[in-house]
Amino acid sequence: MEASDYAKLGIKAVRNVAISAWKPALIFTKAKGSTIWLNDKPYLDFASGPGVSNIGYNHPAVLNAVKEVLDNDEAGWSGNMYLNKYQVMLAEKLSAITPGKYDKQVFFSNSGGEAVEAAILACLKARPERRGMVTFAGDFHGRLGFCRTATSSKPLHVEGLNGGINRAFYLIFPSENPETMAKKEFLDCIQTSRQYLRYVQSSIGPFIKEINFALLELVQGEGGINVAKKRMMQVLIQYLHENQVTVIIDEVQTGLGRTGHMWASDFYEVEPDIMTVAKALSGGVIPIGATIFRSGFGYRKRAEHCNTFGGYPQACAAGLKSLEIVESENLAQASHEMGLVLRGGLWEARSNSLKAQELVSDISGLGLMSRMTFTDAKTRDKVVEEAMNRGLLLMSTGEQSTRLMPPLIITYDEIKKATEILMKAIETHS
Ligand SMILES: Cc1ncc(COP(=O)(O)O)c(C=O)c1O
């Protein structure tokens, strides 16, 4: 980006921002509904953050809810030392609408990673004698986990942690849409849920008494939009429960209607002991994270876990309003229907294009958590870039796929437009 382009946006250059953004030359300038503006150019957004803007960007009702808190001078104190009414109401709402008809308690934080960290902490503190963890190869759960080691201000912060996790087991994700031929060939060896259970038993069975918790994605987001086989996921979770392994389901990306169900756990008909939510929970307007504990799986002592901004009134007010919108606008159902429309339209467009048949190996997903897979990563990257040049924002995932994750309010016309752009981007690939 030239200096004059930056000047138009009222900034000089970006050299003081840490190297982190994938595309530093693109500056976010505005967003509304399903459209996002980068360098003042509008893009139809098929990335959603990923999974943040489920109700559409800057939903007026969410903005109003936040404004009301500000107008009433109710901002300024988080929910950790003292509670605030928005936090209490959001905790009650989340407890009521998450899977499982049992009592729950909610811990608030500011991000998905923090929500997961809060879950792991509770598990380790509850059963310090078990320090093993199970997860799936290819899962993504965040980027935290060092600073507590440097915290020694009070014994409470480290009590019972015994140095944390001492063993990690990475199970094969039982994907029904393996992204690459290599993964497909590998998974072909495990055809039935019985075989999967045997595999699980042989992998972690000998260590099961050492394993404290399992941290699982039901549909892998960053790992390639891999949708688990339902029955295999169920037998795994049943086995874990039978062996007193605490089951944490990470719904940071899959939650709030994204998969065509309020929670992916609803589709899989599984009940977590602990569930993590973030991203879309506050309508993309304010950071938030929430860890929802089945009673008995949370913290045992006051202040056992805490953070500065968790439970912030604006974030929780935004959360309450966003949940109301997801429910009242039937966005989970919309996600289910539009996911079918999107994938159906793309398969059809592929069948009419020799180039697409040559380059696109798969289109799959659950609800509007979908992906298109290419023959290799280089092709994927070029198509994503070409689609962006034509006004469609995409985000890569897995080894050679792009996410197709628009806001859940996406219309038929917008899906048609995105399909046309994507197909043009594929057609122009040389
Ligand atoms: C499933 C899942 N868990 C956790 C996280 C971490 O969330 P955050 O980036 O807000 O820390 C992500 C982020 O993409 C995610 O997809």
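Read-outs: derived from the displayed coordinates by stated rules, not from any lab. Keep in mind the model is a prediction, meaning the values are calculated, not measured. In this analysis, Cβ positions are derived from the backbone assuming ideal geometry, glycine residues included, and neighbour counts consider all displayed protein chains.
Observations on the model:
- Computed from the C-beta positions of E185 and V158 and an R0 of 51 Å, the FRET efficiency is 0.70 to the nearest 0.05.
- Only beta bridges with both residues in the range 20-98 are counted; by DSSP, about 100 percent of them are antiparallel.
- Computed from the Cβ-Cβ distance with R0 of 22 Å, the FRET efficiency linking V14 to K378 stands at 0.25.
- Protection-proxy order for peptides 134-143, 286-295, each taking the mean of Cβ atoms within 10 Å per residue, highest first: 286-295, 134-143
- Annotation: peptides 13-19, 61-67, 352-358, 225-231, ranked by per-residue average of other Cβ atoms within 10 Å with the highest first, follow the order 225-231, 61-67, 352-358, 13-19.
- Length added when fully stretched, T308-E324, from 0.36 nm per residue minus Cα-Cα: 3.1 nm
- Peptides 252-258, 31-37, 21-27 ordered by packing proxy, namely the average of other Cβ atoms within 10 Å per residue, highest first: 252-258, 31-37, 21-27.
- The stretch between K417 and R167 holds 85.2 nm of extra length on full extension. This uses 0.36 nm per residue minus the Cα-Cα distance.
- Cα centroid separation, the range 73-131 to the range 341-391 (Å): 38 Å
- Site pair Y6 and E269 shows an inter-label distance of 5.7 nm when each label is modelled 7 Å from Cα along Cα→Cβ.
- Added length on full extension, which subtracts the Cα-Cα distance from 0.36 nm per residue, Q234 to K23: 72.0 nm
- The relative contact order of the chain, computed from alpha carbon pairs under 8 Å that lie at least 6 residues apart in sequence, is 23 percent.
- Hypothetical label at K355: residues of the range 387-416 whose amide nitrogen lies under 17 Å (7 Å Cα-Cβ projection): 387-392
- DSSP bridge pairs, the chain: antiparallel proportion in percent, nearest 5: 65 percent
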